[in-house]
Structure formats: C-alpha cells, structure tokens
Amino acid sequence: LILNISATATHAIPSTLFGYMWEDINHSGDGGLYGELLQNRAFQAVIPGTQNALNAWRPFNGARLSVTSKTPGVSDALPNSLEVQIPKVVAGSIGFENTGFWGIKVQSGWTYTASFYAKSPTFAGAITVSLKSTRGTIFASKALTGITKSWKKFTLTLQPTASADTDDNVFNIVVDGKASAGQTIFFGMFSLFPPTFRGRENGMRIDLAEALAATQPSVWRFPGGNNLEGSSFATRWKWNETIGPLETRPGRVGDWGYPNTDGLGLLEYLNWVEDLGAEPILGVWDGISIANYSDLSTWPVVPEADLQPYVDDVLNELEFIVGDAKTTEGGKLRASLGRTEPYSLKFIEIGNEDQFQPTSYAAYRWNAFVSAISAKFPDMQFLATSMPTTALTPAYQRIDFHQYNSPSWFTNNSFMFDDYPRNGTQWFIGEYAVTSTNDSDVLGSIPDGRLPYPTLQGAAAEAAFMTGMERNSDVVFASAYAPSFQHIRNYQWTPDIITYDASRMVKSTSYYVQQMFSINRGTHVLSTTPAPSNDTVPLFWVASYNNDTDVVFLKVSNTGPSDLVANIFLGFSVIGFGSATSLSSPALSLNPVSGDFSVSNTLDAPELIIPVASSFALPFSDRFNYTFPATSVTVISLQTQ
Ligand code: AHR
C-alpha cells in the first residue's frame with residue numbers, strides 16, 4: 001500500500017469522541033467500581049424472612065440469623081434489619097459474618113473504615129469486629145461497647161497487620177457467648193470501605209478507577225442502559241432515591257437481576273465524571289420499562305395522559321444538577337448535600353433503545369420530554385434513541401446508535417459514515433463491542449461463539465470501526481464502549497472491557513484499543529489518499545493532527561492474518577524518528593496452530609496481549625515504510641517540524 005497523508009485538515013475532532021457507557025450490570029457498580037466491600041450491606045430490595053435476604057451473610061458459631069422488618073429499621077428507607085438470636089447455651093464467641101462480593105481483599109497498610117448500626121432490648125456487652133480469613137486468621141480486630149435499646153451507629157477503622165494470601169476473607173462480628181446467651185441483637189446498614197480513588201468518601205475501588213481514568217475517556221453515558229428503565233415504572237432508576245445520606249437510599253432490584261444499593265448515586269457519578277474530566281451524557285427515564293426482554297409486547301409504556309409527572313421528575317433531576325444553589329429548589333437541595341456549584345451538563349439522552357417501542361416514542365414521549373426540558377433549560381442538547389428511520393418531532397439533531405456484533409460486522413461497516421449525508425445530524429455510538437464470532441447469533445451463548453473476554457481479533461475489528469468514527473467525527477460526535485465491567489463471579493453479559501474479582505483485574509484487548517485511541521487524540525482529521533475503502537481492506541486507518549502539540553497521529557488496524565507493509569508519504573516534514581504503540585500478538589503469529597487471533601487477556605493470564613511502545617528512525621523527513629503486524633492495532637506518532 002502507498003499511503004499519502006496530506007497536511008490538509010478535513011474537520012475538527014470533537015473532544016467527546018471516546019468514552020464509556022455505564023450501568024450497574026455484572027456487578028460493575030456494587031461489587032465493582034463502587035468501593036463498598038460488603039455485599040447486601042443493608043438488606044435492600046430483599047424479602048424479609050427469606051434465605052435470599054441473607055445473601056452474603058452467614059452465622060458464626062451457631063447464631064440464628066434472619067432478616068426482619070418487624071422491628072423498625074435504621075431509617076424509613078432501610079426497613080430491614082439483621083436479627084441475631086443467640087442460643088441459650090454457647091461456648092466462646094458467637095455472631096455472624098459477611099463474605100463480601102465473593103471475597104474481600106485484605107491488604108496490610110490499608111486503613112479500612114467500617115460502620116454498622118446495632119440495638120438490643122437486653123444485651124449491652126462488647127461487640128468485636130474483625131477482618132478474618134475463612135480459616136480463622138485474624139488480620140485486624142477491634143472491640144466496641146455502648147450498645148443500647150435504640151439504634152446507634154458504630155464507626156471504626158481496621159488496619160490489617162498482614163495481607164491475606166487469598167480473597168477468602170470475611171467481615172466478622174461477634175459477642176461473648178455467655179454474656180449474650182438467649183438474647184437478641186439487631187443490626188442494620190453495615191459498611192466496610194478500603195482506601196478509595198482520590199480518597200473520596202463513599203468512593204471508588206482504586207485499581208478499577210485508575211484503570212478507567214488511565215484511558216482518559218471524554219464521555220460517560222449513565223446511568224443505563226436497561227438499568228435505567230426498571231422492570232416496572234416503580235422499579236426504574238430514580239435519581240432522587242440515589243442522593244443524600246446512604247441511610248436514605250432504599251436501593252432497588254436492578255434490571256440485571258440483583259439489588260442495587262444506589263450507594264453509587266447521581267452525585268457520585270457526577271463527581272466521578274468530573275474526576276475523569278469527561279462530559280456526562282445523562283440518560284433520563286422516558287416512560288418505558290422492560291418487563292420481559294424477549295417479548296416487546298409486555299413492556300409497560302406510560303400512556304400520554306399519565307406522562308406529565310415523569311416529565312416533571314426529569315425537570316427536577318436537571319434542576320438538581322444544574323440549578324442555581326440560591327434561587328432554585330433543586331440547586332438548594334444539591335447545595336445542602338455539599339455541592340454548591342452547578343454541574344456542567346449539556347447532553348440529555350431521552351430514554352434508551354426506544355427503537356423497541358418507536359410508536360409511543362414518536363407519537364408523544366420524545367416530544368413531551370424534549371419540549372418541556374428545552375423550555376426550562378434552553379441550552380440542553382438532546383439525543384434520541386430510536387433508529388434513524390423514525391421521524392420525530394422536533395426532529396432529532398443527535399441519535400444514539402448501538403451495535404453488538406461480530407468482527408466481520410465491525411470491519412464491513414467501518415465505512416458506514418464516509419458517505420453519510422452531512423445534513424447536521426450527528427451520531428453517538430452509545431454502545432458497541434464485538435460480542436461474538438457467530439454472525440447469526442451475536443448475543444448467543446459462549447459455546448455458540450459469544451466471547452467470554454474480548455479477543456485480539458475483536459479488538460482489531462473495533463479499532464477498524466473506530467478509525468471510521470474518527471475519520472467521520474464531523475458526523476460521529478461521541479462513542480461509548482459497553483458494557484464496561486464484569487465481576488467474574490457473577491455476571492450477566494460478556495465480553496466486558498475490564499474483568500475482576502475481589503482483588504485482581506484484567507485489562508482486555510478492547511481496553512487497550514480504547515486507551516490507544518483515546519490518549520492519542522488529534523484536534524483535526526487529516527485527509528489521506530487513497531481514502532480507506534473496501535479496496536484497502538484489511539488495513540483501516542485514520543490520520544489526525546494535534547494543533548496544540550504539532551503531533552500527527554496515524555491509527556491503523558490490520559484485521560488480516562498477515563503482516564502488511566505500507567509506504568507512507570507525508571505532505572509535511574517530521575523530525576528524524578517516529579514512535580509507535582502496537583497491540584499485536586507476535587508469539588501467536590509465529591504459531592500457525594493457535595494463530596487465529598482469538599486470543600484474550602484473562603484474569604489468569606492478564607498480560608498476554610499488551611501494547612508495546614517502540615520508536616523508529618526516519619531517514620527522510622517526509623516518508624517511511626512501516627510493517628503493520630497481522631491482526632494488530634497501531635498508533636504512530638510523528639512530531640512535525
Ligand atoms: O449493554 C448491555 C445492554 O445492551 C444495555 O443495557 C442495553 O441498552 C443494551 O440492550
């Protein structure tokens with residue numbers, strides 16, 4: 001291939017081009033990014049008296065445990081408590097323990113902050129709180145006194161003297177068996193936090209947060225996805241139930257089948273987006289829930305006559321986010337929770353995947369939300385979620401397009417925006433990922449081709465598509481890989497960009513592609529000849545120029561099975577060396593047997609495929625040859641003179 005990169009910029013690249021879509025799925029929030037270590041910490045969204053209500057809790061030395069709502073809970077929002085009955089005859093300490101989110105990471109040098117509520121009609125003795133291994137090693141322990149007949153909050157810190165070898169650790173609470181024999185003690189709203197990202201109270205798990213931040217995402221779409229919608233109107237994601245003290249957040253059964261604590265609530269998300277330096281894209285609930293995913297006719301839709309309260313709810317949500325702290329009720333509420341300055345919010349997405357219910361969306365839902373929001377917040381910009389074929393009033397300016405598909409779909413559609421009419425409408429690729437190698441069952445099962453982890457082949461196909469997004473970033477203003485996170489012990493969707501357990505994590509091949517594209521950003525696209533097309537497959541590319549640093553980037557995906565050489569000619573002069581970062585699999589390309597490039601980083605082999613940086617000499621200031629390895633993604637950086 002002879003590739004000419006000209007000095008001519010075709011258009012500016014929007015700063016929002018690369019980022020993530022976020023919702024609590026696969027324990028991405030509770031048990032993932034959210035730092036809380038105790039699962040089922042406040043018995044939210046469970047049915048008292050059932051075994052399920054005790055999920056992640058277990059007795060220690062014969063205590064009888066149940067979840068009850070018969071005694072007042074610690075707050076109106078948290079009516080359920082843990083009832084601990086001590087038998088009449090006990091030897092030694094007795095109590096209960098929480099097994100965390102399939103384990104608890106215990107690390108020496110960390111200070112853990114624990115808290116819980118307790119009360120007892122009769123017992124007033126000491127309570128001992130420990131971080132222990134399941135085999136009985138105590139890493140940290142503290143005794144507390146002061147339990148009374150009414151709820152009292154206990155807060156303490158635990159500093160392990162050693163790190164645990166495994167995640168098989170528990171948060172253990174005991175009382176003396178003799179002193180408590182025959183008595184009942186109630187507990188509620190537990191919490192255990194390790195140090196968090198940037199030391200934020202109620203903050204994020206450090207390794208996961210740092211990994212995401214290291215990709216410098218510039219958009220963050222939240223809070224769902226399906227998890228915005230609820231399986232009924234009543235169980236939708238309700239912004240006002242995710243703010244304020246944790247004791248005032250009831251939680252809900254999320255759309256992905258497990259209770260959400262909502263500890264990771266609206267303010268935590270907004271602060272996190274600020275920490276990332278990203279632009280929030282806020283999805284608002286628009287009158288639809290998902291009763292049964294496989295039967296669209298069962299999805300409840302709010303009739304037009306009943307919609308206004310839900311529109312008002314969104315107006316209140318937006319006022320809470322951007323309202324003036326002195327003159328608006330929403331702004332005052334936000335200020336009362338510690339944030340005076342309004343958040344920056346420009347993009348509002350009306351619903352999620354409304355192509356599944358286009359009739360009501362086009363007939364009244366889109367219009368009702370857009371009209372009311374723009375009347376009150378004239379600067380807001382809207383994203384529609386139906387397919388582009390659905391005519392909407394007012395006409396949409398931006399559309400959110402989702403695509404989970406095979407490597408071949410992504411490579412075949414890499415040029416889908418090159419001829420797209422420049423008519424003022426812009427696209428947000430609001431969810432996308434290579435999910436399967438099976439073109440006819442892209443969301444099927446793993447034996448049927450679904451990927452358990454992203455693969456190098458899939459990542460190269462995503463990168464091919466991303467070159468198309470970047471090249472056409474006058475039309476594609478933003479993108480969001482999805483879903484982001486997966487707890488390996490309990491998940492609903494594969495593949496995901498980062499997979500983890502209680503202490504380990506793995507950055508996938510797709511993660512590295514996101515990072516390579518995101519941290520190497522131009523401000524303008526440069527034209528190339530030939531333009532990438534079906535004739536130049538399997539090489540896909542985009543060139544850009546950064547006005548601030550005078551660096552030219554060439555991003556190339558080679559989705560083919562062989563190394564490919566390009567003779568690259570520059571319409572400008574560069575200094576005597578270039579640098580490259582490449583994601584490829586040298587070991588496998590030497591191995592024809594396993595060299596199908598369906599290789600993945602996994603929790604057990606997390607660094608099989610990682611980007612490799614190199615530099616190369618340029619004997620001429622305006623041309624060079626480069627070999628793009630088989631099935632690889634490469635970003636070349638050239639400093640112009
Ligand atoms: O990302 C997983 C799900 O896929 C999202 O919740 C939904 O919007 C889409 O169907």
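The values are calculated or read from the model by the stated rules, or taken from the named source; none is laboratory data. Since the structure is predicted, the reported quantities are computational estimates derived from the model, not experimental observations. Virtual Cβ from ideal backbone geometry, glycine too; neighbours counted across all protein chains shown. To get the accessible areas, we keep the full protein, side chains included, count just its heavy atoms, and leave off ligands, DNA and RNA. Shrake-Rupley method; radii C 1.70, N 1.55, O 1.52, S 1.80 Å.
Quick notes
- Sub-8 Å Cβ pairs linking a first residue in the stretch 464-480 that is in contact (Cβ under 8 Å) with a residue 40 or more places away in the chain and over 19 Å from V552 (Cβ atoms) to a second residue that is open to solvent by less than 10 Å² (accessible area, probe 1.4 Å) and basic (K, R), at least 6 apart or interchain, are A480/R221, ordered by first then second residue.
- Listed by first and then second residue, the pairs with beta-carbon distance under 7 Å, at least 6 apart or on different chains, first residue in the stretch 98-115 and crowded, with 16+ Cβ neighbours inside 10 Å, second among the charged types (D, E, K, R) and part of a strand (DSSP E or B), are T99/R58; S115/K153.
- Tabulated pairs, the stretch 291-304, first assigned to a strand (DSSP E or B), second small (G, A, S) and open to solvent by less than 60 Å² (accessible area, probe 1.4 Å), C-beta under 9 angstrom, 6+ apart or interchain: V301/G287; V301/S289; V301/S360
- Just so you know, in the stretch 81-91 the residues that are farther than 18 Å from K152 by Cβ and either surrounded by 14 or more Cβ atoms within 10 Å (Cβ to Cβ) or in contact with a His (Cβ under 7 Å, 6 or more places away or on another chain) (or both) include one that is modelled with the lowest pLDDT, and it is V90.
- Evaluation of N260 against the conditions (1) away from the ligand (no atom under 16 Å from the Cβ); (2) within 20 Å of the chain's Cα centre (by Cα) shows that the sole unmet condition is (1).
- Only one entry of D400, D419 meets the criterion of being assigned to a loop (DSSP other than H, G, I, E, B) and charged (D, E, K, R), and that entry is D419.
- Taken over the stretch 484-502, the criterion of being part of a loop (DSSP other than H, G, I, E, B) and not aliphatic (A, V, I, L, M) is satisfied by S484, R489, N490, Y491, Q492, W493, T494, P495, D496, D501.
- Inclusion of R41 among residues that are out of contact with any helix residue (DSSP H, G or I) (no Cβ under 7 Å at 6 or more places or on another chain), basic (K, R) and either buried (at least 17 other Cβ atoms within 10 Å of the Cβ) or within 30 Å of L266 (Cβ to Cβ) (or both) is warranted.
- So K119, is it open to solvent by less than 60 Å² (accessible area, probe 1.4 Å), basic (K, R), over 27 Å from the mean Cα position of the chain (by Cα) and modelled with pLDDT of 95 or more: yes
- Put simply, of G19, G32 the only residue that is open to solvent by less than 20 Å² (accessible area, probe 1.4 Å), within 16 Å of the ligand (Cβ to nearest atom), modelled with pLDDT of 95 or more and under 30 Å from L638 (Cα atoms) is G19.
- Number of residues in the stretch 348-399 that are open to solvent by 10 Å² or more (accessible area, probe 1.4 Å) and within 16 Å of the ligand (Cβ to nearest atom) equals 6.
- If the condition is being assigned to a strand (DSSP E or B) and either of a type in the set (A, V, I, L, M, F, W, C) or at pLDDT below 95 (or both), then the stretch 453-483 contributes V476, F477, A478, A480.
- Residue list for the stretch 267-308, filter: among the aliphatic types (A, V, I, L, M), more than 16 Å from the ligand (Cβ to nearest atom) and either touching a strand residue (DSSP E or B) at 6+ places or on another chain (Cβ under 9 Å) or modelled with pLDDT under 95 (or both): L270, V273, L276, A278, V301, V302
- Among the residues of the stretch 562-579, not a single one is buried (at least 19 other Cβ atoms within 10 Å of the Cβ) and assigned to a loop (DSSP other than H, G, I, E, B).
- Residue ID - nearest to the ligand (Cβ to nearest atom), chosen from residues in the stretch 245-257 that are surrounded by fewer than 16 Cβ atoms within 10 Å (Cβ to Cβ) and part of a loop (DSSP other than H, G, I, E, B): G257
- Any chance E341 is under 24 Å from R221 (Cβ atoms), open to solvent by 10 Å² or more (accessible area, probe 1.4 Å), at pLDDT 95 or above and not in a helix (DSSP H, G or I): yes
- In the stretch 469-499, residue nearest to the ligand (Cβ to nearest atom) [restricted to those that are buried (at least 24 other Cβ atoms within 10 Å of the Cβ) and closer than 14 Å to L33 by Cα]: P483
- When we screen Y500, Y545 for residues that are under 23 Å from P14 (Cα atoms) and in contact with a strand residue (DSSP E or B) (Cβ under 8 Å, 6 or more places away or on another chain), the only hit is Y545.
- Selection of the stretch 207-231 for residues being within 11 Å of the ligand (Cβ to nearest atom) and of a type in the set (S, T, N, Q) yields N226, N227.
- Selection of the stretch 596-609 for residues being exposed (fewer than 13 other Cβ atoms within 10 Å of the Cβ) and not acidic (D, E) yields only A605.
- Restricting the search to helices (runs of 4 or more DSSP H) fully inside the stretch 158-241 and requiring at least 3 residues that are open to solvent by 40 Å² or more (accessible area, probe 1.4 Å) gives 206-213.
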